[in-house]
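The block underneath contains the structure these notes are about, expressed in structure tokens.
The values are calculated or read from the model by the stated rules, or taken from the named source; none is laboratory data. Here the structure is a predicted model, which means the values were calculated and not measured. Reconstructed Cβ throughout: ideal geometry from the backbone, glycine too, with neighbour counts over all protein chains shown. Remember, those area values only see protein heavy atoms, side chains included, never the ligands or the DNA or RNA. Shrake-Rupley method; radii C 1.70, N 1.55, O 1.52, S 1.80 Å.
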Amino acid sequence: MKFLVIMALVMTQNLMAETFNPKYFANEAVQRLAPEAFALRPEAAAFHSVSGKISLKERQALIKLINENPELKAEIVNFKNLDWEKKEKVLKTVFALEVKALKIQAPILIIDSKRIKGEAYFDFDIHNPTPGTVIINPEAIAKDSNPYTALLLLVHETRHSAQFQLAFMSDNSDNPMAKSYKAAFIAQKEHATEIVSFCDFLTLINEYEAFQFGNYVISSLVSGDVDTLGMGTYASQFNQDFTLKIDLGKLFKDYEGGENKETILNTFNGLEKAQYDILIK
């Protein structure tokens, strides 16, 4: 989900008072509350070692299905010029193709302006697992200057359902990705009052990977002509050549190989300052 509430809070503070403002950057004390839930913690090493290839394969499967439908692909490229009725049709088609590509049970899809205040949300229940509910708010999205927000968030929230089903509803719930996703979803419920900084929330493993998933898919379909600045941290965003702006997998390898003595969290915060400087100017 897009973290506009936290960004609004950050923007109203005197952010220049600290090098790493705790309302924006990752906080060690917060992430120790649920060590297996965050992409910056040592406990995420197993996740990073296996997730890259698996996630890429699944992203490419969705891209392939969309590219096989020339009319849909053209509408995605021209998305900003469509009226809302046509946009909604595109969203529903992409949703169905993502469900097919990821081989998951379809979550409920609600496109409605009254269910939530924000732009999008994935509703889930850790105590009674189901495929969940993907909610898109057209009225809130209409106020966003980014013409691709609806598509980016639709793919992102649907990806959450795939993560949740792997973690809570599959026979593979003991693999590293499933265990990390499970820890992240539980942390979102149990530590909601503590996980409030921009980077703490967006480096929860489920958020980190879902933003990376959506950003890659939509950027690929429109040849990189999309603004993803508000979609996750730089660890979930790509350069024009589709290398990550902050490559956590590489940071972990460098740390494990002894090339970097600093913690992953502190290294990330230093690199993330480039996005922070853009967002607060």
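Here are some notes:
- Highest average first, the peptides 105-113, 32-40 ordered by how many other beta carbon atoms sit within 10 Å of their residues are 32-40, 105-113.
- Percentage of interatomic Cα-Cα distances in the chain larger than 23 Å: 51
- Rounded Å value of the spacing that divides the Cα centres of the stretch 69-117 and the stretch 164-221: 21
- For the chain, with all protein chains in place and a probe radius of 1.4 Å, 52% of the accessible heavy-atom surface sits on carbon or sulfur.
- Globularity index of the stretch 12-140, i.e. its alpha-carbon radius of gyration over 2.2 N^0.38 Å: 1.37
- Diffusion coefficient, µm² s⁻¹, Stokes-Einstein with Kirkwood Rh over alpha-carbon pairs of the stretch 81-193 at 10 °C and 1.306 mPa s: 108
- Quotient of C-alpha Rg and 2.2 N^0.38 Å, computed over the stretch 26-97: 1.66
- Gyration tensor analysis over the Cα atoms of the stretch 231-272 returns equivalent ellipsoid semi-axes of 20, 12, 6 Å (largest first, whole Å).
- Loop-located GluC sites (Glu not before Pro) across the stretch 47-76 with a Cβ neighbour count of 13 or fewer within 10 Å are E68, with loop assigned by DSSP.
- In terms of overall dimensions, the stretch 185-281 has a Cα radius of gyration and Dmax of 14.2, 39 angstrom.
- 222 nm mean residue ellipticity, helices alone, for the chain (DSSP H n ≥ 4; -39,500 (n - 2.57); rounded to 500): -17000 deg cm²/dmol
- Of the trypsin sites (Lys or Arg not before Pro) in the stretch 62-166, those whose Cβ has at most 10 other Cβ within 10 Å and which sit in DSSP loop: K103, K114, K143
- For F38, residues with placed amide H under 5 Å, excluding near neighbours: I205
- Counting only Cβ charges, +1 for Lys and Arg and -1 for Asp and Glu, the dipole size of the chain around its Cα centre is about 340 debye.
- Rounded to two decimals, the Cα-based Rg/Rh of the stretch 87-151, with Kirkwood Rh, is 0.99.
- Qualifying GluC sites (Glu not before Pro) in the stretch 244-281, where qualification requires a DSSP coil assignment and no more than 14 other C-beta atoms within 10 Å, comprise E259, E262.
- In the context of the full set of protein chains, residues of the chain present 47 Å² of accessible surface per residue (probe radius 1.4 Å, heavy atoms only).
- Taking the chain and dividing mean pair separation by its residue count, relative contact order in percent (alpha carbons under 8 Å, at least six apart): 25
- Beta bridges from DSSP with both residues in the chain: antiparallel share about 60 percent, rounded to the nearest 5.
- Under-17-angstrom lysine pairs by C-alpha in the stretch 148-281, whenever the two are 8 or more apart or on separate chains: 6
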